[in-house]
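**Student:** One structure follows; several queries about it will come next.
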Amino acid sequence: MRHMGMNRKGFEFTVALWIIFFLIVLVILLLFSKSIFGWIGTAVDKIFGF
């Protein structure tokens, strides 16, 4: 029983790590896409002379 509990705790810990990792990646992607949109915006501004 104790062994099963340890496995479950380890599994929950792994899931928590994956969730944290996913959130960090999501934030990085959001920031990166924002900067990409910024670059596209400045490029369009230069092309159209706004």
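Each reported figure results from applying straightforward, stated rules to the coordinates on display, with no laboratory input. Bear in mind the structure is a predicted one, so any value in this text is a computation, not a measurement.
**Student:** If you take the Cα atoms of the chain, find Rg, then find the Kirkwood Rh from the mean of 1/r over all pairs, what is Rg/Rh?
**Tutor:** Computed over Cα atoms, the ratio is 1.52.
**Student:** Note the full-extension length gain between residue 24 and residue 36 as 0.36 nm times their separation in residues minus their Cα-Cα distance, in nm to one decimal.
**Tutor:** Additional length available on full extension: 2.5 nm.
**Student:** Could you state the angle between the C-alpha long axis of helix 2-48 and the longest principal axis of the C-alpha atoms of the chain, as a value from 0 to 90 degrees rounded to the nearest 10?
**Tutor:** Approximately 0 degrees, to the nearest 10.
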